[in-house]
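Please read the structure below before turning to the comments.
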Amino acid sequence: MIDRLLYADWDEAPAAMDFELPYGLAIERCRSLVALLAKKEAPGDAASWDKAVELYVHAPAIVNVALNYLICVELGLPLHPTEYIDLNTAPRKAARYPASLRASVERLVIDAIGLARSAYRLDAGFGAAADRFLLKLPAGLEKFVYTSTADKYTWRGAEPSKVKALADSVLARGQPSLALGAAHGAIMAGLMLAEYLDCPLWFVRFSLFKRRDSGPVITECDIKIITDASNRGEILVFDEDSASGTTLTILAAELRKYAPKLRTGAVIRHITTSFQPDHVGKTWWD
């Protein structure tokens, strides 16, 4: 898995985290990086460490664009290849999408999450899986532009050793039926966490501070995924960085409507917050 080649400064976000690429090219870049890194033996060398960091920050794009697409289709929001839709100002149900497209978006996100996890595993079959995924993309989606901005808190919260510590804490009380992260900040950490937990993974859009969401954006598709997982056992609701605890508190309260049996987790919990998740990877002394 990619963690065997990840040697980096985990205090400051790398320059590689700042990039902008069309969706199709981001997936192609992941293909090239996986093919290169899969041949490397740990601990690798400086060149492979840089490539591993590049893959680590690029693979979340596979999930991010698909998740945004699902939200727009489910909520009837306009689709735009280069502009990020502001959910606080965009009129709901302004667009009408065919039933066939609405029925396919759940599978699109499930496949996107699976493909991104495959990238982190450095699977030999990633290239073929990427081909299948690209062939099934809705028309035009490969040209949608993904923009990544370096963020030290997201980066710190994605350090594999911290994510592994969170996973160990969770598994000590049993494997969850679903790991559900707050998107978009928790996508990078979540892809690693789900591999350590060996459980299904999903994300709900809730970006309280970066995107100023007024609350979690929960679609009918989300409710179906969450309800099904809750019927199988406890779900884990997590964030990569819990500074005030507000995001996790609100998200967990909202999701308990559909999943009464849930636990909360944070890769990093700041000591200054009064909120105490059920599971923590590292307590951060500000």
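The values are calculated or read from the model by the stated rules, or taken from the named source; none is laboratory data. These figures come from a predicted structure and were not determined experimentally. All Cβ positions, even for glycine, are placed from backbone atoms using ideal geometry, and neighbour counts span all protein chains on display.
So how many residues does region 22-39 have that are among the aliphatic types (A, V, I, L, M) and in contact with a strand residue (DSSP E or B) (Cβ under 6 Å, 6 or more places away or on another chain)? Residues meeting the conditions: 1.
For C199, the stated conditions hold: it is within 17 Å of the chain's Cα centre (by Cα) and assigned to a loop (DSSP other than H, G, I, E, B). Of the helices (runs of 4 or more DSSP H) lying entirely inside region 96-187, those containing at least 1 residues that are modelled with pLDDT of 95 or more, in contact with a Cys (Cβ under 7 Å, 6 or more places away or on another chain) and crowded, with 22+ Cβ neighbours inside 10 Å span 99-121. Within the set A35, A42, the sole residue that is surrounded by fewer than 17 Cβ atoms within 10 Å (Cβ to Cβ), part of a loop (DSSP other than H, G, I, E, B) and either on the phi > 0 side of the Ramachandran plot or touching a residue at least 24 places away in the same chain (Cβ under 8 Å) (or both) turns out to be A42. For D241, the test of being in a strand (DSSP E or B) and at pLDDT below 95 is passed. Taken over region 222-238, residues that are in a helix (DSSP H, G or I) and surrounded by fewer than 19 Cβ atoms within 10 Å (Cβ to Cβ) amount to 6.
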